[in-house]
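Have a look at the structure below before the remarks.
The values are calculated or read from the model by the stated rules, or taken from the named source; none is laboratory data. What you see is a predicted model; the values in this text were computed from it and never measured. Here the Cβ positions follow ideal geometry from the backbone for every residue, glycine too, while neighbour counts run over all protein chains shown. Remember, those area values only see protein heavy atoms, side chains included, never the ligands or the DNA or RNA. Shrake-Rupley method; radii C 1.70, N 1.55, O 1.52, S 1.80 Å.
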Amino acid sequence: MSMANKPRRAEPPAAPAPEVSPEHHFEGDYRPREPETAQPPNIRVEPLQVDFLHSLADALNSTLDLNTLMHRVADLVRAVIDYRIFAILLINDRTQELWMRFQIGHTPEIERTRLKVGRGIVGQAALQRRSLLVEDVSKDEHYISANPNVRSELAVPLIVKNKVIGVLDIESETSGFFTPEHQRLLEVVASRMAVAVENARLYTRVSRQAQTLTVLNEISRELTSILDLDDLLERIGHLLKRVIDFQMFTILLWNERTQQFEHRFSTRYGERVTRERNVTLGRGIIGTAAEQREPILAPDIRKDSRYVLENPETRSELAVPLIYKGQVIGVVDLEHTRVNYYNEDHLRTLSTLGAQIAISIANARLYQRIHEEEQRMERDLEMARKVQLRLMPSRPPRLERAEIATQFLAARSIGGDLYDFLDYGPGRTAVAVGDVSGKAAPAALYAALVSGILRSLAPQHLSPAALLTALNDQLQERKLDAQYVTMLLAVWDDSNQTLQVANAGSVQPLFVSMRAKGPEVKTIQAEGFPLGLFPNAEYEEFTLSTRPGDLIVFFSDGIVDAVNAAGDMFGDARLNAVLQAQSHATAASTVEAVLKAVSDFQSGVDHFDDETVVVLRVL
């Protein structure tokens, strides 16, 4: 029977249903929940941490000096973590070793220790790129027992742009001293400090590069001003110390004759030393650098098979060849007692400076050769001058009815002017005044040739015109391109006080005759071709009659062509004025008057031409 046809039993009235709290959820109740009011999170910030972070930010952002930065960080960390031993280690990119850049509490021996990445707790922190908190170092297999009193250690890597640049490490003499809170705090410090350290190192590098460039510029300017080789090499050592520190310094120069590099300048711990051992091409680090024409950086010479033992205490070496116009002329070598002391920056700096050093050394050696050559030439010229003066008469001849005075001033150590007195027998004297083309040694040598030929012809007692013709023929036989001589030749006859004159292109002489109204100056109009230019040349001749007191003045073009500071020439007019003032003068005083007038006119200006004056005064 189904329950539907069964009579229903009367049930007692149901009790009222209890109220269901809306916060209770029953099965099958799909009504939407009442919105809950969000409760604020209970976050508690310690005032000490906030103050510390502010102080840390101020310390890191207010300086770019690495030493100051590390001191400040050490002080700030000590304010919140009472450490006993503190260290900041940085990684050497070239050797991948950790070295202490800053430390408190470590011994000097530990401070000098270098750690490979992965060695020790510090090396493991760098290798694993995470902080390591060791409560008991005696139970850690990586711990290196540097200090027997250390019991716990906390090492945090310094990471910038996903690159580990160092480790911040603190140690305690109490086991379990450092807490996770210390670890988190030091991680915050390390993260901020890594960026600051990298910025400070970048600033230091840029500042050092700018300083280096400034110093290099100063060094280049100074080196180019030193032309004495020994002084230059010594100065290079002093100036180089400003940009690269070294303990041993050597400059070797290539000797073409011996085919070796010879020690020219060496210092050891600041004191100059003498090294006798020379270096052949390709031998040792120095010879190899020269042979390969490339700088060589040896971080540890004990591991470099090319090293030749010279200084037992040397550990690192830097050798840079000096190349000038494609040729290796020397090598600069630096040595230090520390391993890995020299780096790529040192190599670039010395290579840059090496080019300027090579130029300066080449200039100094060139100057030295020129100076030695000049000294040799000066000695030769001085000897040539003595020879030239010996070719000229030491004094004029003595005559009964005339007097002769002369003076010769060379524009350089030796000149091209010449004069001579030839004995033509009793009472007769030939006076020759010439000027060879050119200056200095070539002119003097040609003047000696002319003087020799002239004296060889003198015994023939030829007339002035005939003597000039014969001399011209002789020079034609010994013709030299672009060489010639102008000459004025006169023969004085003491018996009748007459003068025969012939001119071969020389300055026309002046005849000063004594008149009642005073001296009268006239030019002797004698002309002709210079000697040595044209063959078969003929010369005209004049005969002058003189009276007592008359003057005949022979002079070279250096007298009238003398120039003062304003560029004005002394000229014929000034010379004539000087001679017109010589009314009662002797031959010697006339010569002195002419040369003094020229000297006063030039007022210290160097003479550009020889000056010769010969005066014959009739008695």
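If you scan region 80-109, which residues turn out to be open to solvent by 80 Å² or more (accessible area, probe 1.4 Å) and either within 17 Å of Arg184 (Cα to Cα) or among the polar types (S, T, N, Q) (or both)?
Pass one, region 80-109, residues open to solvent by 80 Å² or more (accessible area, probe 1.4 Å): 82, 84, 93-94, 96, 99, 109.
The answer is Asp82, Gln96.
Out of all the residues in region 261-284, is one or more of a type outside the set (Val, Ile, Thr), open to solvent by less than 70 Å² (accessible area, probe 1.4 Å), closer than 13 Å to Glu317 by Cβ and more than 24 Å from the chain's Cα centre (by Cα)?
Yes: one or more hits.
Would you confirm, using the coordinates I've provided, whether Tyr342 is surrounded by 18 or more Cβ atoms within 10 Å (Cβ to Cβ) and aromatic (Phe, Trp, Tyr)?
Yes: the conditions hold for Tyr342.
Quick test for you: out of Ile404, Ile361, pick the one residue that is in a helix (DSSP H, G or I), open to solvent by less than 60 Å² (accessible area, probe 1.4 Å) and touching a helix residue (DSSP H, G or I) at 6+ places or on another chain (Cβ under 7 Å).
Being in a helix (DSSP H, G or I), open to solvent by less than 60 Å² (accessible area, probe 1.4 Å) and touching a helix residue (DSSP H, G or I) at 6+ places or on another chain (Cβ under 7 Å) holds for just one of Ile404, Ile361, which is Ile361.
Identify, by number, the condition in (1) open to solvent by less than 80 Å² (accessible area, probe 1.4 Å); (2) touching a residue at least 12 places away in the same chain (Cβ under 8 Å); (3) within 25 Å of Gln292 (Cα to Cα) that Gly326 doesn't meet.
Failed condition: (2).
Condition (residue is among the acidic types (Asp, Glu), in contact (Cβ under 8 Å) with a residue 40 or more places away in the chain and assigned by the TED database to the domain that holds Asp51) applied to region 125-144: is it met by at least one residue?
Yes, there is a match, as at least one residue in region 125-144 is among the acidic types (Asp, Glu), in contact (Cβ under 8 Å) with a residue 40 or more places away in the chain and assigned by the TED database to the domain that holds Asp51.
So if I check each of Ala516, Ala502, Ala526, which one is small (Gly, Ala, Ser) and modelled with pLDDT of 95 or more?
Residue meeting the stated conditions: Ala502.
Can you find even one residue in region 272-289 that is closer than 16 Å to Asp230 by Cα, assigned by the TED database to the domain that holds Ala319, without any contact (Cβ under 8 Å) to a residue 24 or more places away in the chain and out of contact with any helix residue (DSSP H, G or I) (no Cβ under 9 Å at 6 or more places or on another chain)?
yes
Would you confirm, using the coordinates I've provided, whether Asp473 is open to solvent by 40 Å² or more (accessible area, probe 1.4 Å) and within 60 Å of the chain's Cα centre (by Cα)? Outline the logic, then answer.
Details: open to solvent by 40 Å² or more (accessible area, probe 1.4 Å): yes; within 60 Å of the chain's Cα centre (by Cα): yes.
Criteria met by Asp473.
Go through (1) out of contact with any helix residue (DSSP H, G or I) (no Cβ under 9 Å at 6 or more places or on another chain); (2) closer than 25 Å to Val594 by Cβ for Asn496 and report which single condition fails.
(2)
Looking at region 450-464, I want the residues that are within 16 Å of Tyr539 (Cα to Cα) and have a partner that is acidic (Asp, Glu) with Cβ atoms under 6 Å, at least 6 apart or on another chain. Which pairs are those?
Close Cβ pairs satisfying both conditions: Pro464/Glu541.
Which of the following residues is over 30 Å from Gln211 (Cβ atoms), of a type in the set (S, T, N, Q) and exposed (fewer than 13 other Cβ atoms within 10 Å of the Cβ): Gln368, Gln375?
Answer to the selection: Gln375.
Residue by residue through region 376-413, note down the ones that are in contact with a Leu (Cβ under 6 Å, 6 or more places away or on another chain) and farther than 20 Å from Arg617 by Cα.
Within region 376-413, Ser413 is the sole residue that qualifies.
Could you pull out the residue among Val512, Val491, Val521 that is under 21 Å from Leu616 (Cβ atoms), open to solvent by 10 Å² or more (accessible area, probe 1.4 Å) and either touching a residue at least 24 places away in the same chain (Cβ under 8 Å) or of a type in the set (D, E, K, R) (or both)?
Checking each option against the conditions leaves just Val521.
Select from region 561-576 the residues that are hydrophobic (A, V, I, L, M, F, W, C) and under 10 Å from Gln602 (Cβ atoms) and write down the one among them that is surrounded by the most Cβ atoms within 10 Å (Cβ to Cβ).
Kept after step one, since they are hydrophobic (A, V, I, L, M, F, W, C), are these residues of region 561-576: 562-563, 565-566, 569-570, 573, 575.
Those left that are additionally under 10 Å from Gln602 (Cβ atoms): 562-563, 565, 570.
Numbers: Ala562: 23, Val563: 16, Ala565: 9, Phe570: 20.
Taking the candidates together, the pick is Ala562.
For region 428-443, give me each residue that is in a helix (DSSP H, G or I) and open to solvent by 10 Å² or more (accessible area, probe 1.4 Å).
Selection gives Ala440, Ala441, Pro442.
Going by the structure shown, is Asp245 surrounded by fewer than 16 Cβ atoms within 10 Å (Cβ to Cβ) and touching a residue at least 60 places away in the same chain (Cβ under 8 Å)?
Yes.
Would you pick out the residues in region 211-227 that are under 12 Å from the mean Cα position of the chain (by Cα) and either open to solvent by 60 Å² or more (accessible area, probe 1.4 Å) or over 16 Å from Gln368 (Cβ atoms) (or both)?
Result: Val215, Leu216, Asn217, Glu218, Ile219, Ser220, Arg221, Glu222, Thr224, Ser225, Leu227.
Hey, can you tell me all the residues within region 392-418 that are touching a residue at least 12 places away in the same chain (Cβ under 8 Å) and farther than 19 Å from Phe608 by Cα?
Met392, Pro393, Pro396, Pro397, Leu399, Glu400, Arg401, Ala402, Glu403, Ile404, Ala405, Thr406
Check region 152-162 and report whether any residue there is out of contact with any Lys or Arg (no Cβ under 6 Å at 6 or more places or on another chain) and either not assigned by the TED database to the domain that holds Ser62 or not in a strand (DSSP E or B) (or both). Full working, then the answer.
So the first thing to find is which residues in region 152-162 are out of contact with any Lys or Arg (no Cβ under 6 Å at 6 or more places or on another chain), and the list is 152-156, 158-162.
This time we only want the ones that are either not assigned by the TED database to the domain that holds Ser62 or not in a strand (DSSP E or B) (or both), so: 161-162.
Among the residues of region 152-162, at least one is out of contact with any Lys or Arg (no Cβ under 6 Å at 6 or more places or on another chain) and either not assigned by the TED database to the domain that holds Ser62 or not in a strand (DSSP E or B) (or both), which makes the answer yes.
Being open to solvent by 10 Å² or more (accessible area, probe 1.4 Å) and acidic (Asp, Glu): is that true of Glu335 here?
Here the answer is no, as Glu335 does not meet what is asked.
Matching residues to (1) open to solvent by 60 Å² or more (accessible area, probe 1.4 Å); (2) closer than 25 Å to Leu499 by Cβ; (3) in a loop (DSSP other than H, G, I, E, B):
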position: Phe529; (1), (2), (3): yes, yes, yes
position: Arg547; (1), (2), (3): yes, yes, yes
position: Val553; (1), (2), (3): no, yes, no
position: Val578; (1), (2), (3): no, yes, no
position: Lys596; (1), (2), (3): yes, no, no
position: Asp606; (1), (2), (3): yes, no, yes
position: Arg617; (1), (2), (3): no, yes, no
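Does at least one position in region 205-224 carry a residue that is within 25 Å of Arg365 (Cα to Cα), part of a helix (DSSP H, G or I), of a type in the set (Asp, Glu) and free of Cβ contacts under 8 Å to residues at least 40 places away in the same chain?
Looking for residues that are within 25 Å of Arg365 (Cα to Cα), part of a helix (DSSP H, G or I), of a type in the set (Asp, Glu) and free of Cβ contacts under 8 Å to residues at least 40 places away in the same chain, one finds at least one in region 205-224, hence yes.
For region 294-302, indicate whether the set of residues that are within 21 Å of Ile236 (Cβ to Cβ) and among the small types (Gly, Ala, Ser) is non-empty.
Taking every residue of region 294-302 in turn, none turns out to be within 21 Å of Ile236 (Cβ to Cβ) and among the small types (Gly, Ala, Ser).
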